[in-house]
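What follows is a short report on a single structure.
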Amino acid sequence: MSTLTLILTFFLLCFPFARSNPFSRPAIFNFGDSNSDTGCLVGAAIESINPPYGHRFFGHPSGRYCDGRLIVDFLLDAMDMPFLNAYLDSLGAPNFRKGCNYAAAGSTVLPATATSVSPFSFGVQVNQFLHFKARVLELREGKGGKKLDKYLPAEEYFQKGLYMFDIGQNDLAGAFYSKTLDQILASIPTILAEFESGVQKLFDQGARNFWIHNTGPLGCLAQNVAKFGTDPSKLDEFGCVSSHNQAAKLFNLQLHALCKKLQGQYTDSNITYIDIYSIKSNLIANYSRLGFQQPIMACCGYGGPPLNYDSRIVCGQTKMLNGTLVTAKGCDDSSEYINWDGIHYSEAANQYVSSQILTGKYSDPPFSDKMPFLLKLKF
């Protein structure tokens, strides 16, 4: 038995209140985009990802758009929960007893269009959950329902579980390709109305514990800098596209207001808003002090400094460009990079973000005074 396990066992035996902590949940149900997709889009055979994705932790592509683990993976590990199996990963022999992940890369809050990367918008993900819950309850009521205890959540888990959300980034980032900044800012209430509708459906189904991430600084992603930051006057002091970050900030301001509204409306619920934007902005602004060497440049890509990103070829792909066969390769040490592939964060950056989330300082309401010893000891 490891030293950490011995310490945790001691605290759980001597301080039983830690076991009943409100952040200790029997199951997790997650909704979102590539920031928390653990295999849905790949499982649906809409996209494929190649090495070196996943190399840092899994040793092979795991369905995650990262060199290793995502923020959601670190959070579940800190809660002493297994990684979430993707709802659409039919070949992974998934076990859903501790929850299910509906997040799919490219997903938006608003309904998908003909040009969308993913058809699994937030409304579709909510409907997938409704189908999942109904089917679980149906199977449990049938013959041999007890045999399913190892694989499916108990009925009370749907009420006691934690519902996590990280979505909205693609609604904003994608809109910049066809709309003005003013049009994008004007669309935010419509996006959030759709989000509120989905949350309402989950509440009506008995969900009572909500964990809502805001969106990060979109203007600091190499993809957006490459496309919209060619004019230096469009960049801020950190080399990020100002318009994208302005949209993200307004979106987050209105999302926070919506969470406050829901907190007052659903008085029998726990609704926690997490300020991911501040954590990621601080990471980019202080990257060197925090142990990173590259704040914006992609680790895995093509083109070299300053961004190592080319929209024509994705990480791990070999392709003919301008008459030459080239490969978008990974860097020597991805732990030195905040950005993995121009769009998604590296495992090292995700671990930092997770550690900051777990301090409780970036949540509303703050939860540091309620954190179980397990969370404090893991990071």
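Can you report the number of residues in segment 236-250 which are surrounded by fewer than 17 Cβ atoms within 10 Å (Cβ to Cβ) and not in a helix (DSSP H, G or I)?
3
Table: residues versus (1) farther than 20 Å from Cys66 by Cβ; (2) without any contact (Cβ under 8 Å) to a residue 60 or more places away in the chain; (3) part of a strand (DSSP E or B).
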{"site": "Phe292", "(1), (2), (3)": "no, yes, no"}
{"site": "Gly304", "(1), (2), (3)": "yes, yes, no"}
{"site": "Ile313", "(1), (2), (3)": "no, yes, no"}
{"site": "Cys331", "(1), (2), (3)": "no, yes, no"}
{"site": "Ile338", "(1), (2), (3)": "no, yes, yes"}
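Return the only residue of Tyr287, Tyr302, Tyr309 being in contact with an Asp or Glu (Cβ under 6 Å, 6 or more places away or on another chain) and at pLDDT 95 or above.
Tyr302
Where in segment 146-234 are the helices (runs of 4 or more DSSP H), entirely inside, with at least 2 residues that are β-branched (Val, Ile, Thr)?
Here the list reads 181-204.
When residues of segment 251-280 are filtered for being of a type outside the set (Gly, Ala, Ser) and part of a helix (DSSP H, G or I), how many remain? Steps first, please.
As a first pass, look at segment 251-280 and keep what is of a type outside the set (Gly, Ala, Ser): 251-256, 258-263, 265-268, 270-277, 279-280.
Still in the list and also part of a helix (DSSP H, G or I): 251-256, 258-263, 265, 276-277, 279-280.
Of the residues in segment 251-280, 17 are of a type outside the set (Gly, Ala, Ser) and part of a helix (DSSP H, G or I).
Checking the condition crowded, with 20+ Cβ neighbours inside 10 Å and either in contact with a Cys (Cβ under 8 Å, 6 or more places away or on another chain) or charged (D, E, K, R) (or both), which residue from Asp333, Asp341 passes?
Selected residue: Asp341, the only one of Asp333, Asp341 that is crowded, with 20+ Cβ neighbours inside 10 Å and either in contact with a Cys (Cβ under 8 Å, 6 or more places away or on another chain) or charged (D, E, K, R) (or both).
Just one of (1) among the small types (Gly, Ala, Ser); (2) touching a Ser or Thr at 6+ places or on another chain (Cβ under 8 Å); (3) modelled with pLDDT of 95 or more trips up Gly59, so point out which.
Here Gly59 meets the rest and fails (2).
List the number of the failed condition for Ile271; all other conditions in (1) in contact with a strand residue (DSSP E or B) (Cβ under 6 Å, 6 or more places away or on another chain); (2) within 26 Å of Tyr352 (Cβ to Cβ); (3) surrounded by fewer than 21 Cβ atoms within 10 Å (Cβ to Cβ) hold.
Every condition holds for Ile271 apart from (3).
How many residues does segment 38-74 hold that are surrounded by fewer than 19 Cβ atoms within 10 Å (Cβ to Cβ), aliphatic (A, V, I, L, M) and either within 26 Å of Asp332 (Cβ to Cβ) or without any contact (Cβ under 8 Å) to a residue 12 or more places away in the chain (or both)?
Count: 1.
Going by what's in this entry, would Ser116 be described as polar (S, T, N, Q), over 28 Å from Asn270 (Cα atoms) and surrounded by fewer than 17 Cβ atoms within 10 Å (Cβ to Cβ)? So that I can check it myself, show each step before the final result.
Details: polar (S, T, N, Q): yes; over 28 Å from Asn270 (Cα atoms): yes; surrounded by fewer than 17 Cβ atoms within 10 Å (Cβ to Cβ): yes.
It is true that Ser116 is polar (S, T, N, Q), over 28 Å from Asn270 (Cα atoms) and surrounded by fewer than 17 Cβ atoms within 10 Å (Cβ to Cβ).
Looking at (1) out of contact with any His (no Cβ under 6 Å at 6 or more places or on another chain); (2) farther than 18 Å from Leu253 by Cα, which is the one condition that is false for Asn224?
(1)
Checking the conditions here, which among Leu130, Leu75 is hydrophobic (A, V, I, L, M, F, W, C), assigned to a helix (DSSP H, G or I) and over 17 Å from the mean Cα position of the chain (by Cα)?
Result of the check over Leu130, Leu75: Leu130.
Sort through Leu152, Leu162 and tell me the only one that's within 15 Å of the chain's Cα centre (by Cα), surrounded by 13 or more Cβ atoms within 10 Å (Cβ to Cβ) and closer than 22 Å to Asp80 by Cβ.
Being within 15 Å of the chain's Cα centre (by Cα), surrounded by 13 or more Cβ atoms within 10 Å (Cβ to Cβ) and closer than 22 Å to Asp80 by Cβ holds for just one of Leu152, Leu162, which is Leu162.
Restricting attention to segment 344-369, which residues are in a loop (DSSP other than H, G, I, E, B) and either out of contact with any Cys (no Cβ under 9 Å at 6 or more places or on another chain) or surrounded by fewer than 20 Cβ atoms within 10 Å (Cβ to Cβ) (or both)?
Once the filter is applied, which keeps residues that are in a loop (DSSP other than H, G, I, E, B) and either out of contact with any Cys (no Cβ under 9 Å at 6 or more places or on another chain) or surrounded by fewer than 20 Cβ atoms within 10 Å (Cβ to Cβ) (or both), segment 344-369 yields Leu358, Thr359, Gly360, Lys361, Tyr362, Pro365, Pro366, Phe367.
Kindly indicate whether Ile279 is in the same structural domain as Ser121 (by TED's automatic domain parsing), over 20 Å from Gln125 (Cβ atoms) and of a type in the set (A, V, I, L, M, F, W, C).
So Ile279 fits the description; yes.
The values are calculated or read from the model by the stated rules, or taken from the named source; none is laboratory data. Predicted, not measured: the structure shown is a model, and the values here were computed from it. FYI the Cβ positions are ideal-geometry reconstructions off the backbone, even for glycines, and counts take in every protein chain you see.
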